[in-house]
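Quick note: the coordinates plus some simple rules give every number you see, no bench work behind them. For clarity, every value in this text was computed on a predicted model and none was experimentally measured. For neighbour counting, all protein chains shown are included, and Cβ atoms are generated from backbone atoms with ideal geometry for every residue, glycine included.
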Amino acid sequence: MRRLLTFALVALLSACSTPALRPDTVRSDVREITDLAEIAPALAESRARTLLVLDIDDTLLTSDAFFGSDAWYAWQKTLAADDPGKVPCLFDVIALNYEAGTQHPTQPDGPTRINALPVDKLLLTSRGANYRGGTLRTLHENGYALPAMLGGRSDGLIWDFRKSSDSRPVRVVYDQGLFMTTGQDKGRTLLELLGRLRLHYDRVLLVDDGQANIDAMRAALRSAGIDYLGLHYTRVDKTPDPAAGRAGWQHWRTLLEANYPQRLQEMEQGKCGS
Ligand SMILES: [Mg+2]
């Protein structure tokens, strides 16, 4: 009997101390939303210690014009090499767009609503770490406050993320509440960040317009034993505007030709900076 009690106690203790090893008990849910007002009630559904993770492009902010927008980026990939709208050195042109471009909130009350949420928050973007200047500017211009650093840190973190041991390293940067992941898996980069910060959350709530990001986060958190609610935000129209896309590049090209002809020549020769 005593041995049985000891066995029962050990079993109970191990069940309490290893929830992360039991992904079958993880709560994982995804919903579609069209209004950021739905975040607050979703947060309130659970008393678990929750981290709110917010995407930027087409979730908090969206481009004023089709040229340079998320939809434009997707459209670029569909173009033939000789299409007049196809830009050379896509990520160099994106850098120019982030520096020069303007954006607006995806909904007028977005900044007020997001700033008012009293939870631990993180902005998690696929934008490259080299686009930080323009990203901070547009967030500021639109009234989005930068979230406090998690864990009360004052300094940031920079490291080379590798998808697998033989993958090329990709620089990711977390600073000023903004985590720039340079196109890497949002779920896995978030887990690495939390590990480096030595932080644990019982639940993560992600708001993102990208289905692939919603799914990647779900897979990563499930394997880590963290509860998840993905809010797939579908408010922003993604219909391409090919005429605006082609005109946008021709305007940039004219400006580059006049002011920075050598750079344009290099880009058109495939010598890309990023
Ligand atoms: Mg997005």
Residue tally, condition within 23 Å of D185 (Cβ to Cβ) and away from the ligand (no atom under 11 Å from the Cβ), over segment 43-71: 4
Test set (1) closer than 30 Å to P41 by Cβ; (2) polar (S, T, N, Q); (3) under 13 Å from the mean Cα position of the chain (by Cα) - Q184 fails condition number: (1)
Cβ pairs under 8 Å, 6+ apart, first in segment 245-271 and closer than 21 Å to L79 by Cβ, second among the acidic types (D, E): R246/D83; L264/E257; M267/D92
Residue ID - surrounded by the fewest Cβ atoms within 10 Å (Cβ to Cβ), chosen from residues in segment 79-128 that are hydrophobic (A, V, I, L, M, F, W, C) and within 14 Å of the ligand (Cβ to nearest atom): I94
Helices (runs of 4 or more DSSP H) wholly inside segment 45-159 that include at least 3 residues being within 30 Å of Q269 (Cβ to Cβ): 70-76, 90-100, 132-141
Breaking point among (1) more than 19 Å from L150 (Cβ to Cβ); (2) surrounded by fewer than 17 Cβ atoms within 10 Å (Cβ to Cβ), for Y131: (2)
